[in-house]
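Report on the following structure.
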Amino acid sequence: MLGSHYYHEIMRKTIVSFGTLFNQIYLKHYDGQTGNVVDEMRVPLAYAPRQKFLARLTQQSELNKAVAISLPRMSFEMTSLTYDGTRKTGMTQTFRAIDKASDTMRKVYMPVPYNIGFELNIYCKLNDDALQIVEQILPYFQPSFNVTVDLVNVIGEKRDIPIVLDNISFQDDYEGDFATRRALIYTLNFTAKTYLFGPVSDSSEGLIKKVQVDYHASVDTENARRELRYSATPKALKDYDDDNTTVLRTDLSKTKTRFDVTSTLALAVGMRIIIDKEIMKIKEIVDANTIVVYRGYESVAATHIENASIDVLTTADDALVEPDDDFGFNGIIEVFNDSKTYSPTQQKDI
């Protein structure tokens with residue numbers, strides 16, 4: 001298993017998403033007399049460690065440039081990657097998803113929870129500038145802020161990643177005489193609770209199309225006989241096989257329940273039929289050309305015009321339900337008086 005190449009770019013996407021939170025921070029300076037805005041700037045943001053910025057501040061020879069050129073600035077970096085056992089799931093659990101490119105079923109192992117640590121540093125010359133920047137950040141973290149990230153693009157696996165503000169520290173990096181450059185540094189530490197996915201494999205099992213539950217007379221399932229079985233299978237809410245069973249002979253309003261068709265030979269009481277997108281259930285077959293139905297059955301009643309095709313929704317349509325389609329459920333109840341049990345391996349009662 002190890003050695004099979006895959007790369008979902010999850011950590012890269014998480015880093016980019018974290019940085020995007022802070023790339024629209026603005027700083028404004030006001031005239032003390034009039035209160036008008038004197039200048040406005042977007043605070044530059046870069047991915048870099050704090051030591052790199054401090055080195056640039058102490059080594060640059062042109063430190064007498066205007067404040068807007070050198071400071072304020074912000075930088076961030078990933079500082080840690082740790083496993084989060086509090087969000088642990090079963091190691092071998094899988095789920096199925098749709099490959100958006102090929103529209104096929106794919107099998108994916110449950111993701112592994114990891115915490116990514118981030119450090120955001122804010123560098124300013126004036127404390128008022130630093131406070132203005134910090135105040136634009138802190139209210140959003142109480143103590144977390146959710147960011148939606150497309151973790152595995154091929155299956156459209158989007159998750160909300162909580163980014164938690166862990167702590168804030170302050171440093172006044174001022175040493176030497178009056179001419180020495182001063183740098184106020186606010187450090188904010190965050191934790192992003194993300195998930196790492198393994199390889200996405202082809203699923204040979206396909207879509208689950210039947211769920212079955214057996215009810216016993218008591219909790220002692222080894223000795224108590226079963227009494228009831230409930231099975232659920234998909235129920236198609238649209239026509240898949242385009243059978244064109246009959247045709248509507250007259251226009252049909254939203255409320256009319258009795259109408260004429262070209263032939264009722266292939267119809268029966270209790271059948272579900274569909275005209276356009278409206279599903280109806282046959283209540284009565286009056287004669288060779290007239291039926292009575294329940295309108296808006298599993299759908300919304302609508303108007304239909306003459307010569308509209310009428311299709312029958314059968315088990316053949318149920319078997320053709322595709323992933324991501326809207327569908328209902330057929331509920332089947334069976335009563336037993338035997339002592340048999342269902343064998344999943346043999347797919348029968350024994």
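The values are calculated or read from the model by the stated rules, or taken from the named source; none is laboratory data. Keep in mind it's a predicted model, so treat the numbers as computed, not measured. Every residue, glycine among them, receives a Cβ derived from its backbone with ideal geometry; neighbour counts consider all protein chains shown.
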Inside the range 219-327, counting only strands (runs of 3 or more DSSP E) that do not spill past its ends, which hold 1 or more residues that are without any contact (Cβ under 8 Å) to a residue 40 or more places away in the chain, surrounded by 14 or more Cβ atoms within 10 Å (Cβ to Cβ) and not assigned by TED's automatic domain parsing to the domain that holds I155?
258-260, 272-275, 278-285, 290-294
Give I137, I133, I122, I161 a once-over and let me know the one that is within 15 Å of I10 (Cα to Cα) and either crowded, with 17+ Cβ neighbours inside 10 Å or out of contact with any Ser or Thr (no Cβ under 7 Å at 6 or more places or on another chain) (or both).
I161
What helices (runs of 4 or more DSSP H) completely inside the range 1-85 contain at least 3 residues that are modelled with pLDDT under 85 and out of contact with any Cys (no Cβ under 9 Å at 6 or more places or on another chain)?
50-59, 67-70
